[in-house]
1. Just one of the numbered conditions (1) more than 22 Å from residue 369 (Cα to Cα); (2) hydrophobic (A, V, I, L, M, F, W, C); (3) surrounded by 14 or more Cβ atoms within 10 Å (Cβ to Cβ) is not true of residue 212; which one?
2. Do we have any residue at all in the stretch 257-278 that's among the polar types (S, T, N, Q), farther than 21 Å from residue 364 by Cβ and more than 16 Å from ligand 2 (Cβ to nearest atom)?
3. Can you confirm whether residue 125 is touching a helix residue (DSSP H, G or I) at 6+ places or on another chain (Cβ under 7 Å), aromatic (Phe, Trp, Tyr) and either farther than 22 Å from residue 236 by Cα or within 16 Å of ligand 2 (Cβ to nearest atom) (or both)?
4. If we keep just the residues of the stretch 277-296 that are crowded, with 17+ Cβ neighbours inside 10 Å and under 18 Å from residue 405 (Cβ atoms), which is modelled with the highest pLDDT?
5. Test each condition in (1) within 17 Å of the chain's Cα centre (by Cα); (2) part of a helix (DSSP H, G or I) for residue 320 and report the one that comes out false.
6. Restricting to the stretch 507-518, what's the tally of residues that are farther than 14 Å from residue 455 by Cβ and surrounded by 15 or more Cβ atoms within 10 Å (Cβ to Cβ)?
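The values are calculated or read from the model by the stated rules, or taken from the named source; none is laboratory data. Remember, predicted model here, so these are calculated numbers, not experimental data. For neighbour counting, all protein chains shown are included, and Cβ atoms are generated from backbone atoms with ideal geometry for every residue, glycine included. All accessible areas refer to the heavy atoms of the entire protein, side chains included, with ligands and DNA or RNA removed. Shrake-Rupley method; radii C 1.70, N 1.55, O 1.52, S 1.80 Å.
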Amino acid sequence: NIPSGAPAELGAFLSLNIMMLNDSQISQAPIDFIEKEFCNAEWAIKLQAEHLSLQFDEMIDTYLKERKNDVIQVLERIFKNLEGNNFDWNNQGKLEKGILVTRDLSPADLVQFKDSNFAGFITDFGSLTSHTAIVGRNLDIPAVVGVTNARQIIRDDEIIIDGLQGVIIVNPDKLVLNEYKKRKKEWQESRQKLRSIRKNVTISQDGISVELLANIEVPEDVDDVKYNNADGVGLFRSEFLFLSKDNHIASEEEQFQAYLQVIKAMKKLPVTIRTADLGADKNPQWNATHGAADNPALGLTGIRLSLAEQGFFRLQLRAILRASYFGKVQIMFPMISSSWELKQAIHQLDLVKEELREEHIAFDENIKIGSMIEVPAAALSLKGILEQVDFISIGTNDLIQYLLAIDRNDESVNYLYDPLHPAVIKLLNHVIQSANKEQVPVSICGELAGNVKLTRLLLGIGLRKFSMHSANILNVKNIILNTNIAELESLVSKILRSENRDKIYDYVEKLNQDLNLF
Ligand code: PEP
Ligand code: MG
């Protein structure tokens, strides 16, 4: 009912809204999403809003373009109504929020996940080192990925997600529920306890200092970095600035502001900004043609894309260099496969430096330059790379993918993704020893660095800089504080000599036997 005294336009406005509600783009498309994705209604509305929003943005007619807000508002109202009708989880004494069970999520979806009404997610696709899983971990969201048939099996059920073990329990009975409540409490308590070592310096029992750095995706992550008292940012995955849903390419100024936010928060501590590592599963819409290649992980990704799109690359280099004036910035190039490719990237950087000098724009003239080592060819021909850089960082996620020929996003070969494969251990040992010999600082910024089961092995092969998502820093620190590195030597040399998988696993277990690892 239209209230009396309401403006005359209200009737017309409501009729328009009703027309929109009846349009198949609103009445049918979300249903199609639900059927296709097995997602819930709120998520389907959200997806359709994004889809329509993109279509409006592409319109040339400015009048029509401006109708975008009307349509989005209608969708937002449906969304709010759906939320309002939600099951009251709190009153049921269950979880506070729902759990999203879906086919897959993109890394960009996840960045927005924290503000959504979901407490965790389960996907049929993906694997532990996919960027979706990495971002989920960074955001501290409970998740199990690569389940294959979750959408078929799970309906409107009560679910436990045990992200630590990769276990999902559907409709648990009272006994299981109580057991998990206990485990959750213990886990929270152990985290609480770790808070007491936040301010401790990271030093092993035999007096060896270790640096613990943080990986971030978006500037807001820096709050957790500070909270966990990291020694700096070891990896800022800047590509997330270019993965927004609306296909917007962050301008130089927007990038500059994003970098500045992190740099200012970190004060004098180093902030390692990796130039955009786009492509494969982090492909922006504007690169759709390249992204559709048969083997995108072997295609135009990382530095290759930046060198192919020099205008884009130089804009980013300008923004990073300008930001470098305000703190301790380091610049790092992803997916380098040879010393001559690195040379090209550094050449672009030199050109941009020259440009800024001519424009009298200040930047850090001594900015440190680093290379990711994540392509086996680079790991095996390090000399020419080490000569050109101030530091290197090993990207074990990709290094393992390319070394073992296993797609890091493909759940069907996930079981082969083995950080303890002798080839991986030998190659890591080679890179770390070579860098240490040349006195070029070396870190690991792949997921391995935050895996507490591998901390001692990595210390044993000479790693002294670990970069990981903030939530893992205190766990790794705790291990280092409880480790005498010299005592690891004999087991580590056995691991390095062995090619027997079972033995390697046994030795690693022995390395950790006095620790109570979750
Ligand atoms: C890696 O490959 O290990 C890495 C740190 O980079 P990303 O996970 O972003 O590919
Ligand atoms: Mg990588």
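1. That leaves (1) as the condition not met.
2. Within the stretch 257-278 (the criterion being among the polar types (S, T, N, Q), farther than 21 Å from residue 364 by Cβ and more than 16 Å from ligand 2 (Cβ to nearest atom)), the answer is no, since none of the residues qualifies.
3. Judged against the criteria, residue 125 is a match.
4. 296
5. Every condition holds for residue 320 apart from (1).
6. Total satisfying the criteria: 1.
Yes/no matrix, rows are residues, columns are (1) polar (S, T, N, Q); (2) within 22 Å of the chain's Cα centre (by Cα); (3) away from ligand 2 (no atom under 15 Å from the Cβ):
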| residue | (1), (2), (3) |
| --- | --- |
| 288 | no, yes, yes |
| 302 | no, yes, no |
| 311 | no, no, yes |
| 336 | no, yes, no |
| 342 | no, no, yes |
| 349 | no, no, yes |
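Table: residues versus (1) of a type in the set (Ser, Thr, Tyr); (2) over 20 Å from residue 445 (Cβ atoms); (3) more than 16 Å from ligand 1 (Cβ to nearest atom); (4) open to solvent by less than 20 Å² (accessible area, probe 1.4 Å).
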| site | (1), (2), (3), (4) |
| --- | --- |
| 307 | no, yes, yes, no |
| 311 | no, yes, yes, no |
| 318 | no, yes, yes, no |
| 335 | no, no, no, yes |
| 352 | no, yes, yes, yes |
| 362 | no, yes, yes, no |
